[in-house]
Amino acid sequence: PGAEEDEQGLAFVGRAGQLLTDIIEKGLRIPRRDVFIANVLMCRPPDNRNPEPDEILACQPFLEQKIDAIKPDVIVGLGKFAGQWLLKTAEPISRIRGRVGEYRGVKVVPTYHPAFLLRNPSAKKEVWEDMKLVRRLLAG
């Protein structure tokens, strides 16, 4: 989570959160309130550094419990750490995005993180393609 998320105790607030809302509501055509949103980490690493593998592992049981309780139809992994964790791979997000994987029996589509899109707006086209894939998976 970023500083605002850590402060508020909510996932995806601020500019990246607004962009995520647009992706969900315009791209997937689903109200954001109908989507469960979580971070791979429950707290922000010091100095906003990348998370260490043991930090991700420490938060894993919480996330697994949520996934098991919610039983989602599709999981969208936003960014490198979510995508790599869900698919158990070290491949970069640029190589795994747009593909369908599986985590605990649930289809997974990794894509770019909204914060990355704020810095690299040209990648929005790829995320749009990923959301079309998610819509097809949700439609069955």
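The values are calculated or read from the model by the stated rules, or taken from the named source; none is laboratory data. It should be emphasised that the depicted structure is a prediction, and the values quoted were computed from it without experimental measurement. Cβ placement follows ideal geometry from the backbone for every residue including glycine, while neighbour counts extend to all protein chains displayed.
Given the condition exposed (fewer than 14 other Cβ atoms within 10 Å of the Cβ) and either part of a strand (DSSP E or B) or not aromatic (Phe, Trp, Tyr) (or both), answer yes or no: does some residue in the range 75-87 qualify?
no
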Checking PHE81 against (1) closer than 25 Å to GLY14 by Cβ; (2) without any contact (Cβ under 8 Å) to a residue 40 or more places away in the chain: exactly one of these is not met. Which one?
(2)
Here the residues within the range 27-67 that are loosely packed, with under 11 Cβ neighbours inside 10 Å, without any contact (Cβ under 8 Å) to a residue 40 or more places away in the chain and of a type in the set (D, E, K, R) are ARG33, ASP34, ASP47, ARG49, ASP54
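Does GLY101 satisfy the criteria of being closer than 21 Å to ASP130 by Cβ and touching a Leu at 6+ places or on another chain (Cβ under 6 Å)?
Yes; evaluated as a whole, the condition is true for this residue.
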Collect the residues in the range 95-127 that are surrounded by 14 or more Cβ atoms within 10 Å (Cβ to Cβ), modelled with pLDDT of 95 or more and assigned to a helix (DSSP H, G or I), keeping them in residue-number order.
ILE96, PRO114, PHE116, LEU117, LEU118, ALA123, LYS124, GLU126, VAL127
Name the single residue, out of those in the range 26-64 being of a type outside the set (A, V, I, L, M), closer than 16 Å to VAL74 by Cβ and under 16 Å from the mean Cα position of the chain (by Cα), that is modelled with the lowest pLDDT.
GLY27
Output the number of the condition that ASP68 fails; it satisfies all remaining conditions of (1) under 15 Å from the mean Cα position of the chain (by Cα); (2) under 20 Å from MET42 (Cα atoms).
(1)
